[in-house]
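Presented below is the structure to which this report refers.
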Amino acid sequence: MKKEQVVRCQFSVWYPLFKAVTIRSVILPLPENVKEYLLDDGTLVVSGRDDPPSHAQERNDDAEEIQWSDDENTTTLKAPEFPEFTAKVQEAISSLGGSVFPKLNWSAPRDAYWIAMNSSLKCKALSDIFLLFKSSDFITRDLTQPFIHCTDDSPDPSLNYELVLRKWCELIPGAEFRCFVKENKLIGISQRDYTQYYDHISTQHEEICRSIQEFFKKHIQYKFLDEDFVFDVYRDSRGKIWLIDFNPFGEVTDSLLFTWEELTSGKNLKEDQSEGEATEQDYPVFRCTNSKVTVQPSPYLSYRLPKDFVDLSTGEDVHKLIDFLKLVRNSEKIF
């Protein structure tokens, strides 16, 4: 994966080319001071709030203020304000119907949905967006390591960071699919929410695959700026396909029910196809979760737990596991 491929998958690069087949969106330049605020590791203090003060917050000037520290130099944390940027964001949100799905150049804060009051990525104000962005590892990666998996040694291209606001749509997870394109050929389609079993996908997979293939040939093939890429689509209740996003063809993108070795080498892909599918030229391999037995917890759940817990559950840190087992053994001896 080359750095140029990553650059071409930025939202502002592909959106003008495919505006007619995707969700209406507004792109705003991200001011440098906002970027610095998002990367600040200090206490999470959310800026951009326009909520009216509650009765508990109201007090007169003569009221005694509670002191939490004896340090005379102690200062109260206060979120920075961005009045001009806040006004632009609120105007954009209003133009999109009052609710939006936020993201940066590449990523959305999907790993931080749990921290929102509504456990959703649906935002109505800049404060909602800041809360998600400051809690998201995906957003931090966009801002600090956008070329982390690139193989070329060329200097990093200069980037202009942007806040992308997409009109909020209630998308059903079982209707989202990820498509893998190599040398301008659609080689694989995966169920996006692969941790769950959806009966309609198993029973309609041939029809779903055919409609995505037709959409690709009509709207995407030879129109994107690279010949190797990944794109996400949504199939609505009428069977219409909508473009959701583009991603680089490489390890930085989740391969879902495929492996990157399969996608890059082509091995094992044809084995999945039936005889009828194999005879059709350029027919993509379609993979979905075919049984309730294989249902898994969401991969985003791990972002809700302390890293030590995640390492223990996955076995990624052997030393932590050994220490934990010793602790259990010692506690059993006590009792």
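Using 7 Å Cα-to-Cβ label points, what is the residue 196/residue 267 separation (nm, one decimal)?
3.4
How are the Cα pair distances of segment 137-183 distributed, in percent, across 10 Å bins from 0?
Here the calculated profile for segment 137-183 is 15, 31, 40, 13, 1.
Simple spin-label model, 7 Å along Cα-to-Cβ: residue 153 to residue 207 in nm?
Here the answer is 5.4 nm between the modelled labels.
Run the quick spin-label model on residue 141 and residue 254: label points 7 Å from Cα toward the beta carbon, then report their separation in nm to one decimal.
Between residue 141 and residue 254, the label points sit 1.0 nm apart.
Pairs to check: 19/122; 182/240; 2/240. Give those whose C-alpha atoms are more than 26 Å from each other in this structure. Each step should come with its number before you reach the end.
Values: 19/122 21 Å; 182/240 24 Å; 2/240 33 Å.
From the list (19/122; 182/240; 2/240), the Cα-Cα distance tops 26 Å for 2/240.
Bear in mind that the values in this text are calculations on the coordinates, not laboratory data. What you are looking at is a predicted structure, and each value in this text was computed from that prediction instead of being measured. Glycine gets a Cβ as well: all are built from the backbone with ideal geometry, and neighbour counts include every protein chain shown.
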